[in-house]
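J.: After the structure tokens below, expect a handful of questions from me.
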Amino acid sequence: MTIAPHVSLDLDPAQVTHRLYTTLDLHRMGMTKRQIRDAVIGGTLLRARRGAYLVPGVPLAVAEAASDGGRLACISALAEWGVFVLAATRLHVHLDHAAHKESAGRRNTWHWGTLIRTPHPRATTVHPIDAVAQAVACQSARAAIATLDSALHLGLIDEGDLDAIFNRLPARRRVLRGFIDGRSEAGSETLVRLMALSLGFRVDVQVVVPGVGRVDLVLDGWLVVECDSEQFHSGWASQRRDRRRDLALAALGMTSIRPIAEDVFHHPEVIIAALIGLREARRAAQRASRRSATR
């Protein structure tokens, strides 16, 4: 018997397309105990834990969370959905009861307790709203804002969900709401925007420059920041296009820089130094120009 891998009952479609099947579910579908055993041996059914099964093809993170008796949660769930998270080295799993925590082991990061949205009993992940709320609490402030921007931009959550998310968070985290901007198309873009704001720049997001096109960030009306990634800027054709855009910006009296994601994520001091250096150089040039004009 073939088991459909996708949710077909009343599971929220926003919660991972794979569902958990209990032994009772399989019996109700007409499978005998022997057929279940043969399906596991034959690889057409995966035993997640005692009395619980998954179909082949589920993401490894989903299978591991299910094997621990929980649901994929927090930054691990968001990473599976393509939402930006700064680092996802440990698996994050939600357990229904704190009592399960000790028996589940210590290699993962555990979440437990009441959720904003009660998941279906067969759901293999928490609801996206809960995953975002957990990720905001788990990450640094800047990474949390980048995750919120990404989830909004991708449509995983909407503006109306923010009340529920921030009502669940500690008071000290609620200040982050004022920095969210769902127009940001990449986590690196959000992080550079926050760096620039901390330095006192006026920041405009996703600006259309005549003759050039849309750019990621414009600082103080003259400094353009394009947050390049290898995915979209590798190859000579892409580099040629980017260099021509830089020349077009220069013709308008604008300066452009292209920090790579690796430096944005792991060496922010390099980006901050570049922004400060360019601003100071421009101010020095403006002072020199004014002195020259008064002579």
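Each value in this text was obtained by applying a stated rule to the coordinates, not by laboratory testing. A quick note: this is a predicted structure, and the numbers were derived from the prediction, not measured. Here the Cβ is made from the backbone with ideal geometry for all residues, glycine too, and neighbour counts use every protein chain on show.
J.: How do the peptides 193-199, 126-132 rank, highest first, by the average count of neighbouring beta carbon atoms within 10 Å per residue? Mind showing how you got there, number by number?
T.: Numbers: 193-199: 18.1, 126-132: 26.6.
Result, highest mean Cβ count within 10 Å first: 126-132, 193-199.
J.: Right, next: Set the Förster radius R0 to 35 Å, insert the Cβ-Cβ distance between Leu169 and Asp38 as r into 1/(1 + (r/R0)^6), and round the FRET efficiency to 0.05. Numbers along the way, then the final one.
T.: Numbers: r = 48 Å, r/R0 = 1.36.
In this case the efficiency is close to 0.15.
J.: Please turn the phi angles of segment 218-228 into ³J(HN,Hα) values with the Karplus equation 6.51 cos²θ - 1.76 cosθ + 1.60 (θ = phi - 60°), one per residue in order, whole Hz, x for glycine and proline.
T.: Rounded to whole hertz, the list is 10, 9, 6, x, 9, 9, 9, 10, 10, 8, 7.
J.: Of Leu223, Leu252, Leu275, whose Cα points farthest to the positive end of the dipole of segment 187-290 (charges on the beta-carbon: +1 Lys, Arg; -1 Asp, Glu; origin at the Cα centre)?
T.: Leu252
J.: Using +1 at the C-beta of Lys and Arg and -1 at the C-beta of Asp and Glu, which of Pro210, Thr44, Ala63 has the Cα lying farthest in the positive direction of the dipole of the chain?
T.: Positive-end residue among those listed: Pro210.
J.: Additional query: Where the only charges are on Cβ atoms (+1 Lys, Arg; -1 Asp, Glu), what is the dipole of the chain about its Cα centre, to the nearest 20 debye? Can you show the working numbers first?
T.: Numbers: 38 positive and 30 negative charges, 102 e Å.
So the dipole magnitude of the chain works out to roughly 500 debye.
J.: Treating the Cα atoms of the chain as identical point scatterers in vacuum, please give the log10 of the normalised Debye intensity I(q)/I(0) at q = 0.09 Å⁻¹, two decimals.
T.: Taking Cα atoms of the chain as identical point scatterers yields -0.57.
J.: In addition: Treating only the Cβ of Lys, Arg, Asp and Glu as charged (+1, +1, -1, -1), what charge dipole size does segment 187-290 show about its Cα centre? Round to the nearest 20 debye. Spell out each step's value before the answer.
T.: Working: 14 positive and 13 negative charges, 121 e Å.
It comes to approximately 580 debye.
J.: Follow-up. How large is ³J(HN,Hα), in whole Hz, for each residue of segment 75-91 in order, when computed from phi with the Karplus curve 6.51 cos²θ - 1.76 cosθ + 1.60 and θ = phi - 60°, using x for Gly and Pro?
T.: Rounded to whole hertz, the list is 5, 5, 5, 5, 4, 5, 8, x, 7, 5, 9, 5, 8, 9, 7, 10, 6.
J.: For a quick protection proxy, order the peptides 32-43, 148-159 by their average other-Cβ count within 10 Å, most packed first. Before the final figure, lay out the partial values.
T.: Numbers: 32-43: 12.2, 148-159: 19.6.
Ranking, from highest mean packing down: 148-159, 32-43.
J.: Moving on to the next point. With the alpha-carbon atoms as the only input, what is the per residue convex hull volume for segment 140-271 in Å³? Before the final figure, lay out the partial values.
T.: On the way: hull volume 15.6 nm³, N = 132.
Hull volume over Cα atoms, normalised by residue count, gives 119 Å³.
J.: Same structure, new question: Taking R0 as 51 Å, what FRET efficiency do you get between His27 and Leu176 from their Cβ-Cβ distance, rounded to the nearest 0.05?
T.: On the way: r = 48 Å, r/R0 = 0.93.
Given R0 = 51 Å and the Cβ-Cβ separation, E is 0.60.
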